[in-house]
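**Student:** This is the structure I have questions about; it appears just below.
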Amino acid sequence: EPEVTQTPSHQVTQMGQEVILRCVPISNHLYFYWYRQILGQKVEFLVSFYNNEISEKSEIFDDQFSVERPDGSNFTLKIRSTKLEDSAMYFCASSWAGGPPDTQYFGPGTRLTVL
Amino acid sequence: GENVEQHPSTLSVQEGDSAVIKCTYSDSASNYFPWYKQELGKGPQLIIDIRSNVGEKKDQRIAVTLNKTAKHFSLHITETQPEDSAVYFCAAIGGGYKLSFGAGTTVTVRA
């Protein structure tokens with residue numbers, strides 16, 4: 001069964017450093033998403049991406065964040081200058097292979113720790 | 001924006017008993033309600049979903065009900081088994097495709 005994959009599983013970085021989180025969505029999906037979950041809090045939407053552009057973003061997704069689909073298979077989230085409060089589990093999701101675009105399938109997550 | 005509340009936060013049941021998790025939502029325009037199961041070290045796995053034109057949906061031991069008037073929906077797991085132990089999340093979508101999640105319910109099935 002096709003699944004969303006994410007790398008790395010755990011990323012440790014120093015405050016102020018740039019990080020790139022990588023995702024490989026399900027191959028024939030067209031919508032891509034990033035969510036995050038700070039420890040003990042709800043899973044929060046960050047951004048959705050369709051047709052090579054951002055279709056929706058939350059207030060969390062400020063100028064420090066960017067997304068890119070650099071090739072036909074990868075989808076990345078970049079945080080330019082990490083803050084302590086960026087420490088969280090980051091989930092990638094994808095949807096729509098002819099089915100309803102709101103049915104989203106999640107990857108295993110990347111745990112980001114900012115020191 | 002959409003606000004989803006989920007109860008209870010923890011649920012312990014005897015193997016073979018039923019488990020019920022309830023969620024409420026705030027945006028009357030929401031029309032899609034998925035449930036996710038998350039096991040330790042894994043991402044949320046979609047287990048069942050329901051749309052606003054349907055009141056109930058079943059898939060083997062799992063069922064979901066939706067009451068649009070009261071703006072609440074519930075997950076029912078019957079004949080619980082140890083492998084049902086996990087964290088369960090409800091979610092809702094109003095406009096666009098942004099999922100708003102509940103806080104999660106940790107279900108423990110006692111053997």
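The values are calculated or read from the model by the stated rules, or taken from the named source; none is laboratory data. Values in this document were obtained by computation on a predicted structure and should not be read as measured data. Cβ sites come from the backbone with ideal geometry, for glycine too, and all protein chains shown count toward neighbours. Accessible surface is based on the protein model in full, side chains and every heavy atom, while ligands, DNA and RNA are left aside. Shrake-Rupley method; radii C 1.70, N 1.55, O 1.52, S 1.80 Å.
**Student:** How many of the residues in the stretch B:66-81 are small (Gly, Ala, Ser) and open to solvent by 40 Å² or more (accessible area, probe 1.4 Å)?
**Tutor:** Number of matching residues: 1.
**Student:** In addition: Could you go through the stretch B:41-60 and let me know if any residue there is more than 14 Å from chain A (Cβ to nearest Cβ), within 13 Å of the chain's Cα centre (by Cα) and open to solvent by less than 60 Å² (accessible area, probe 1.4 Å).
**Tutor:** For the stretch B:41-60, residues more than 14 Å from chain A (Cβ to nearest Cβ), within 13 Å of the chain's Cα centre (by Cα) and open to solvent by less than 60 Å² (accessible area, probe 1.4 Å): absent.
**Student:** Has the stretch B:3-12 got any residue that is surrounded by 19 or more Cβ atoms within 10 Å (Cβ to Cβ) and in a strand (DSSP E or B)? Before you say what the answer is, go through the steps one by one.
**Tutor:** Initially, the stretch B:3-12 is screened for residues surrounded by 19 or more Cβ atoms within 10 Å (Cβ to Cβ), giving B:4, B:6.
If we keep only those that are in a strand (DSSP E or B) too, we end up with B:4, B:6.
So far as the stretch B:3-12 goes, yes, one or more of its residues are surrounded by 19 or more Cβ atoms within 10 Å (Cβ to Cβ) and in a strand (DSSP E or B).
**Student:** Looking at A:LEU46, A:LEU39, which one is part of a strand (DSSP E or B) and either more than 25 Å from A:GLU1 (Cα to Cα) or within 14 Å of another protein chain (Cβ to nearest Cβ) (or both)?
**Tutor:** Only one candidate passes the filter, namely A:LEU46.
**Student:** Taking the stretch A:96-106 as the search range and keeping residues that are within 7 Å of another protein chain (Cβ to nearest Cβ) and touching a residue at least 60 places away in the same chain (Cβ under 8 Å), which one is surrounded by the fewest Cβ atoms within 10 Å (Cβ to Cβ)?
**Tutor:** In this case the residue turns out to be A:PRO101.
**Student:** Let me ask something else. So which of B:ALA111, B:ALA86, B:ALA63 ends up being over 30 Å from A:THR110 (Cβ atoms), among the hydrophobic types (A, V, I, L, M, F, W, C) and either within 14 Å of chain A (Cβ to nearest Cβ) or open to solvent by less than 40 Å² (accessible area, probe 1.4 Å) (or both)?
**Tutor:** Just a single option satisfies the conditions, and that option is B:ALA63.
**Student:** Only one residue in B:LYS68, B:LYS22 is of a type outside the set (Gly, Ala, Ser), farther than 18 Å from B:GLY104 by Cα and away from chain A (no Cβ under 14 Å). Which one?
**Tutor:** Unique residue meeting the criteria: B:LYS68.
**Student:** Same structure again: Within the stretch B:43-96, count every residue that is among the β-branched types (Val, Ile, Thr) and assigned to a loop (DSSP other than H, G, I, E, B).
**Tutor:** Qualifying residue count, the stretch B:43-96: 4.
**Student:** So, one more: Please verify whether B:TYR32 is buried (at least 16 other Cβ atoms within 10 Å of the Cβ) and at the interface with chain A (Cβ under 10 Å from one of its Cβ atoms), treating the condition exactly as stated.
**Tutor:** When the stated conditions are applied, B:TYR32 passes them.
**Student:** Scan the stretch A:47-63 and report the pairs whose first residue is open to solvent by 100 Å² or more (accessible area, probe 1.4 Å) and whose second residue is of a type outside the set (Val, Ile, Thr), with Cβ atoms within less than 9 Å and a gap of 6+ or a chain change.
**Tutor:** Between residues of the stretch A:47-63 that are open to solvent by 100 Å² or more (accessible area, probe 1.4 Å) and residues that are of a type outside the set (Val, Ile, Thr), the close pairs are A:ASN51/A:LEU30; A:ASN52/A:ARG69; A:LYS57/A:PHE45; A:LYS57/A:LEU46; A:LYS57/A:SER48; A:LYS57/A:PHE65; A:ASP63/A:ARG80.
**Student:** So, one more: Identify, please: which residue in the stretch A:49-65 is acidic (Asp, Glu) and part of a loop (DSSP other than H, G, I, E, B) and is, among those, nearest to the other protein chains (Cβ to nearest Cβ)?
**Tutor:** Going through the qualifying residues, I end up with A:GLU59.
**Student:** Something else about it: Every residue in the stretch A:11-36 that is open to solvent by 20 Å² or more (accessible area, probe 1.4 Å), touching a residue at least 60 places away in the same chain (Cβ under 8 Å), under 17 Å from A:LEU84 (Cβ atoms) and not in a loop (DSSP other than H, G, I, E, B), please.
**Tutor:** Listed by number, the residues that qualify are A:GLN11, A:VAL12.
**Student:** While we're on this one: Regarding the stretch A:66-83, can at least one residue be identified that is crowded, with 16+ Cβ neighbours inside 10 Å, within 14 Å of chain B (Cβ to nearest Cβ) and touching a residue at least 40 places away in the same chain (Cβ under 8 Å)?
**Tutor:** no
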